[in-house]
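Single-structure report; data block below.
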Amino acid sequence: MTAPDELLRLDRAHVWHPYGPMPGRSEPFVVSEAAGAVLTLADGRELIDGMSSWWSAIHGYRHPVLDEAVRDQLGRMSHVMFGGLTHEPAVTLARTLVELTPDGLEHVFLCDSGSVSVEVAVKMALQYQRGAGRPERQRLATWRGGYHGDTWHPMSVTDPDGGMHALWTGVLPRQVFAPPPPGGFGSPIEGSYADSLVRMVEEHADELAAVIVEPVVQGAGGMRFHNPGYLRILREITARHGILLIFDEIATGFGRTGAFFAADHAGVAPDVMCVGKALTGGYLTLAAALCTTEVARAISDGEGGGLAHGPTFMGNPLACAVANASIALLRSQDWSGRVHGLEKGLTAALEPLSGFAGVREVRVLGGIGVVQLDRPVDMRKATDAAAREGVWLRPFRDLIYTMPPYVSTDAQIARIGRGIAAAVAAQA
Ligand code: PMP
């Protein structure tokens, strides 16, 4: 085993971390183990994972059921190509996803990451429009404040003005944007905003292939929640103009918002839907884009005769096997009761912070708790202050937020609250 100091030295010499500058200019903690909701650092410190490894580790780490699913699959095969071959883990997963997702989504394209599943969803939309005799429809529309991943099309539907990928504005395809949805989850529908969504679609109907949004929760674009009713408005107006509706449920799927999928809050079925992150309980990288038969048929009967995508690691059996185990585990439990328990615990822990100096707003939905400050967070100070309380957080912009593993105990949620309070206090 390499000593922690040496690991850190080598990391600083060679390893690039997400969104970071070149190696050596960021200072990660060295993590040596993870079990349940707890990360153990190489220096022996234990941190409750307030981030669920970016929404994914819903069952926590080293869950015996998920560990066994991987071991069992390893004993059969770890990977085979998916072109011309199929296998039980992938078929079972596709069938389960069709059963669980909103009505009409019948066909599953397995991808290797969330961003790729959004690329695939966009390809589906463009190929669908070509197949339907409308090849000029190549643009996407969305609302501002969204986030859909780090590859090309996902970046193009992130806010071009000040969004995460504003660096590429002018280079990326030019998409169509409405303002971000106003209010919160429980706020009433604002008629003038609803009208602006309708206008956006109507004005660009002849050039739009699809509208793509994160339903109910905008994640990395600002951790904002909105009234699910806006999704019904988008459904109605897109259907009227033959424009596809794509839901990106990569962060929201598998119970996180209190519904199995966020679309369920609205009772709306999109034409294409992306899932990822918690799909494998955070064990392995896997995502999927699902679509309706109408979409699949137009693609298959159109030019090329198929969807123009086929990654080497498509349908990886280990990832599919652990996804099947994770979904089965979730469904065997009172996941809804647990997520509502998280909502209660996070509300009790975070609501008092709304009185803290520098706090603009506290909001909680399902297993997501957000503290928005009135200025950008000093990430190093926030992370260190939370770590001193035994909590792992990864704030960004003006947001200190958490989405803990569903297995977190009430005491662990209370501790996450103390970690966030310390991170806020450290900004003073
Ligand atoms: N869409 C949403 C809503 C996301 O939160 C993310 C991940 N942050 C992605 C897409 C991209 O997924 P991945 O990081 O697996 O490529």
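Counting other Cβ atoms within 10 Å, keep those with at most 15, restrict to DSSP loop, and tell me which GluC sites (Glu not before Pro) in segment 230-337 are left.
303
Based on DSSP H runs of at least 4 residues, each adding -39500 (n - 2.57), what is the mean residue ellipticity at 222 nm of the chain after dividing by all its residues, to the nearest 500 deg cm²/dmol?
Here the helix-only value at 222 nm equals -11500 deg cm²/dmol.
What does the C-alpha gyration tensor say about the overall shape of segment 156-275? Classify as rounded when a/c is under 1.5, otherwise prolate if a/b is larger than b/c, or oblate.
rounded
Considering all alpha-carbon pairs of the chain, what whole percent are spaced by more than 43 angstrom?
When every Cα pair of the chain is considered, 10 percent fall beyond 43 Å.
Can you give the accessible area of residue 31 in Å² (nearest 10), computed on protein heavy atoms with a 1.4 Å probe?
About 80 Å², ignoring ligands and nucleic acids.
Need the list of lysines near residue 123 for cross-linking: C-alpha distance under 24 angstrom, and skip anything on the same chain fewer than eight residues off.
List returned: 277.
For a paramagnetic label modelled at 7 Å from the Cα of residue 187 toward its Cβ, which residues of segment 210-228 fall within the zone defined by backbone nitrogen distances under 17 Å?
Those under the cut-off are 214-219, 221-228.
Normalising by the residue count of the chain, find the relative contact order in percent from Cα pairs under 8 Å and 6+ residues apart.
Result for the chain is 20 percent.
Under 9 Å from the Cβ of residue 180, count the other residues' Cβ atoms, weight Lys and Arg +1, Asp and Glu -1, and hand me the total.
That sum, taken over residues with Cβ under 9 Å, equals +1.
How high is the relative contact order of segment 335-381, in percent, with contacts defined as C-alpha pairs under 8 Å that are six or more residues apart?
33 percent
How do 216-224, 407-415, 195-203 rank on mean C-beta neighbours within 10 Å, highest first?
Result, highest mean first: 216-224, 407-415, 195-203.
First select every other residue whose beta carbon is under 9 angstrom from the beta carbon of residue 419; then total the charges, Lys and Arg +1, Asp and Glu -1.
Charge balance near residue 419 sits at +2.
What ranking of 240, 25, 45, 235 comes out by heavy-atom accessible area, probe 1.4 Å, highest first?
Per-residue accessible area, sorted high to low, gives 25, 240, 45, 235.
With every protein chain in place, what's the accessible area of residue 277 (1.4 Å probe, Å², nearest 10)?
Answer for residue 277: close to 70 Å² accessible.
The values are calculated or read from the model by the stated rules, or taken from the named source; none is laboratory data. Because the structure is a prediction, the values reported are computed rather than measured. Virtual Cβ from ideal backbone geometry, glycine too; neighbours counted across all protein chains shown. Just so you know, the surface numbers come from the protein's heavy atoms only, side chains and all, with ligands and any DNA or RNA stripped out. Shrake-Rupley method; radii C 1.70, N 1.55, O 1.52, S 1.80 Å.
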